Amino acid sequence: MSFLDQIKQRRTIYAIGNNVSQSQQVIEQTIQEAVRFSPSAFNSQTSRVVTLYGASHLKFWSIVRETLRKMVPAEAFANTDAKLSSFEAGYGTVLFFEDQDTVKALQEQFALYADNFPVWSEHSTGIAQFAVWTALAEQNIGASLQHYNPVVDTEVAQTFDIPASWKLRAQLVFGSIEAPAGEKTFIENSERFKSFN
């Protein structure tokens with residue numbers, strides 16, 4: 001399978017379960033290798049990852065549920081609750097963080113580029129997220145990328161002993177593919193691309 005084929009295979013899968021055929025060890029190694037080999041500005045390696053399985057996976061989504069219960073009107077909470085239950089049905093969750101101490105150190109070391117390092121950090125996490133997502137898809141593991149930060153950041157940090165310098169950027173919930181992704185549509189190429197000689 002070509003790299004482009006792998007990119008095409010990576011889709012947002014909402015209907016996931018916990019019936020993956022790979023071992024937790026294989027999944028963990030896949031995630032770690034995908035992040036380790038993802039590029040970052042100045043090889044800064046700002047990305048940090050916490051992977052949650054079993055009770056920890058369920059605990060994370062419980063934190064999200066109880067946080068949102070305080071924010072979402074009661075009459076509208078049923079839809080939110082159903083969505084969170086679909087995430088709980090998965091096998092695990094990858095929490096993506098960016099180490100702000102590393103970003104700050106680079107800003108001090110390379111003052112000329114100080115304003116760029118937070119932006120480049122966001123590039124790094126985006127690349128790492130895409131790499132992990134695609135690597136899991138290659139193994140026929142479905143996933144969807146979620147963003148419940150920053151409202152859950154404090155409790156997540158306390159619950160999972162996250163260093164204070166780690167900033168939560170995204171959550172990739174994953175599991176067995178229980179139903180395929182919906183049809184993907186595209187805007188016209190003329191609206192997205194330009195080419196010059």
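Please go through segment 109-136 and pick out each residue that is aliphatic (A, V, I, L, M) and open to solvent by 10 Å² or more (accessible area, probe 1.4 Å). If the condition is that a residue be aliphatic (A, V, I, L, M) and open to solvent by 10 Å² or more (accessible area, probe 1.4 Å), then 111, 112, 114, 119, 127, 131, 135 are the ones that fit.
For segment 87-102, a residue qualifies if it is within 28 Å of residue 124 (Cα to Cα), open to solvent by 10 Å² or more (accessible area, probe 1.4 Å) and not acidic (Asp, Glu), and the qualifying residues are 91, 100, 102. Counting the residues of segment 81-109 that are of a type in the set (S, T, N, Q) and over 24 Å from residue 129 (Cα atoms) gives 1.
Restricting to segment 151-161, count the residues that are closer than 17 Å to residue 58 by Cα and either outside any helix (DSSP H, G or I) or touching a residue at least 12 places away in the same chain (Cβ under 8 Å) (or both). So the count comes out to 7. Within segment 51-80, which residues are surrounded by 13 or more Cβ atoms within 10 Å (Cβ to Cβ), closer than 21 Å to residue 13 by Cβ and not hydroxyl-bearing (Ser, Thr, Tyr)? 52, 57, 58, 60, 61, 64, 65, listed by residue number.
Which of the residues belonging to segment 165-181 are part of a loop (DSSP other than H, G, I, E, B) and either at positive phi or open to solvent by less than 50 Å² (accessible area, probe 1.4 Å) (or both)?
First, the residues of segment 165-181 that are part of a loop (DSSP other than H, G, I, E, B): 165, 178-181.
Across segment 165-181, the qualifying residues are 165, 179, 181.
Output yes when any residue across segment 141-153 is aromatic (Phe, Trp, Tyr) and open to solvent by 40 Å² or more (accessible area, probe 1.4 Å), and no when none is.
Within segment 141-153, none of the residues are aromatic (Phe, Trp, Tyr) and open to solvent by 40 Å² or more (accessible area, probe 1.4 Å).
Sub-7 Å Cβ pairs linking a first residue in segment 93-111 that is in contact (Cβ under 8 Å) with a residue 40 or more places away in the chain to a second residue that is open to solvent by 10 Å² or more (accessible area, probe 1.4 Å) and part of a helix (DSSP H, G or I), at least 6 apart or interchain, are 96/129; 103/118; 106/42, ordered by first then second residue.
The values are calculated or read from the model by the stated rules, or taken from the named source; none is laboratory data. All values reported here derive from a predicted model rather than from experimental measurement. FYI the Cβ positions are ideal-geometry reconstructions off the backbone, even for glycines, and counts take in every protein chain you see. Please note that ligands, DNA and RNA were not included when accessible areas were found on the heavy atoms of the full protein model with its side chains. Shrake-Rupley method; radii C 1.70, N 1.55, O 1.52, S 1.80 Å.
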